[in-house]
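The values are calculated or read from the model by the stated rules, or taken from the named source; none is laboratory data. Computed from a predicted structure; not experimentally measured. We place every Cβ from the backbone using ideal geometry, glycine too, and count neighbours over all the protein chains shown. For the accessible areas, the whole protein counts, side chains as well, though only heavy atoms, and no ligand, DNA or RNA atoms are used. Shrake-Rupley method; radii C 1.70, N 1.55, O 1.52, S 1.80 Å.
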Amino acid sequence: MEKHNFVNIQCLSGEQLLYLIEMAQEFEKHPNRELLKGKVVATLFYEPSTRTRLSFETAANRLGARVIGFTDAKVSSVSKGETLKDTILMVSNYADTIVMRHHIEGAAQYASEVAPVPIVNAGDGAHQHPSQCLLDLYSIHQTQGTLENLNIYLVGDLKYGRTVHSLIMAMRHFNPTFHFIAPKELAMPEEYKLYCHEHGIRFTEHEDFTPEIIAGADILYMTRVQKERFSDLMEYERVKNVYILHRDMLSMAKPNMRVLHPLPRVNEIAYDVDDSPHAYYIQQARNGLFAREAIFCHCLGISLEEVRNDKTIL
């Protein structure tokens, strides 16, 4: 298998996504292996991150790789004026693959065009978050038994939420119906609604967030209103607590419905939801380890067959 970048989720076919989900299932059975022994993974995080960075680094460590990198561009040569191109080329001398989070949309795509090693996009601005998308797909598949013909409700910050943008593009292969629930200030951008029209994806839009609305969901995907994306803090204050999910709002939910959230949460899911059988966001975060192990193998040319036949399980 050849090496690959993992930059844009729309570049992957439905068959490739299901292939990666199968690989993640193998890693859930046995996460500790030495498939990447002797490899070096660089994590370059130009933006703050907890779950994404830690799960990528844990995935690399559990597969036997060594990890280098930075968690704050201020402590790197970027603070001296080094360009993104030069940073990527320099780090490529030391690492077999580079995981990068950046505040500028398209930064990961640019890095993939100049780097001699595979690039993994760990989030670029409000654009995409493909590794989060893969773990979301894995979580949906694990809870629903399929990705086909599901009713997926996206709630909250649909304007800046790169996780929901990626999910729309990935789910186009599986005949979903989306419900976009957001205030007008945070509504799904027109470009993604146009994308839905172009790919025959059904969707409806709501501003109400009630038990009656939620009743039809297979997946209720909550999102945080992202303060860091707002240039006008007064606008943020107006919309930050518009939608808060409480346990009693799940009274009409379907038995199979699961609540997802890319985390961190602020106020949008009340703590009384945590012990509900519908809550799945903590397990969802755990699934990030298995999805990102699969991503590393995809990027470094390790096949599903090799994973299944692996004799390095610890």
Select from the stretch 151-175 the residues that are touching a Ser or Thr at 6+ places or on another chain (Cβ under 8 Å) and open to solvent by 10 Å² or more (accessible area, probe 1.4 Å) and write down the one among them that is modelled with the lowest pLDDT. Thr163
Give me the pairs, please: first residue somewhere in the stretch 289-308 and in a helix (DSSP H, G or I), second residue anywhere and small (Gly, Ala, Ser) and open to solvent by 10 Å² or more (accessible area, probe 1.4 Å), beta-carbon distance under 7 Å, and either six or more positions apart or on two chains. Leu289/Ser55; Arg292/Ser55
Would you pick out the residues in the stretch 189-202 that are without any contact (Cβ under 8 Å) to a residue 24 or more places away in the chain and open to solvent by less than 30 Å² (accessible area, probe 1.4 Å)? Lys193
Could you tell me whether His141 is touching a residue at least 12 places away in the same chain (Cβ under 8 Å), farther than 23 Å from Gly106 by Cβ, in contact with a Leu (Cβ under 6 Å, 6 or more places away or on another chain) and in a helix (DSSP H, G or I)? yes
Conditions (1) of a type in the set (Asp, Glu); (2) without any contact (Cβ under 8 Å) to a residue 24 or more places away in the chain; (3) under 27 Å from Arg308 (Cβ atoms): number failed by Asp86: (3)
Look through Leu186, Leu220 and report the one residue that is open to solvent by less than 10 Å² (accessible area, probe 1.4 Å) and modelled with pLDDT of 90 or more. Leu220
Return a yes/no flag: does the stretch 286-294 have any residue that is of a type in the set (Lys, Arg), open to solvent by 70 Å² or more (accessible area, probe 1.4 Å) and closer than 26 Å to Thr58 by Cβ. yes
Odd one out for Leu314, checked against (1) modelled with pLDDT under 95; (2) in a helix (DSSP H, G or I): (2)
What's the number of the condition Phe178 fails, among (1) open to solvent by 10 Å² or more (accessible area, probe 1.4 Å); (2) touching a Phe, Trp or Tyr at 6+ places or on another chain (Cβ under 9 Å); (3) within 19 Å of Ala253 (Cα to Cα); (4) without any contact (Cβ under 8 Å) to a residue 40 or more places away in the chain? (1)
Those residues of the stretch 254-280 which are free of Cβ contacts under 8 Å to residues at least 24 places away in the same chain and surrounded by fewer than 19 Cβ atoms within 10 Å (Cβ to Cβ), in sequence order: Pro255, Tyr271, Asp274, Asp275, Pro277
So which residues in the stretch 107-138 are outside any loop (DSSP other than H, G, I, E, B), touching a helix residue (DSSP H, G or I) at 6+ places or on another chain (Cβ under 6 Å) and surrounded by fewer than 24 Cβ atoms within 10 Å (Cβ to Cβ), if there are any at all? Val114
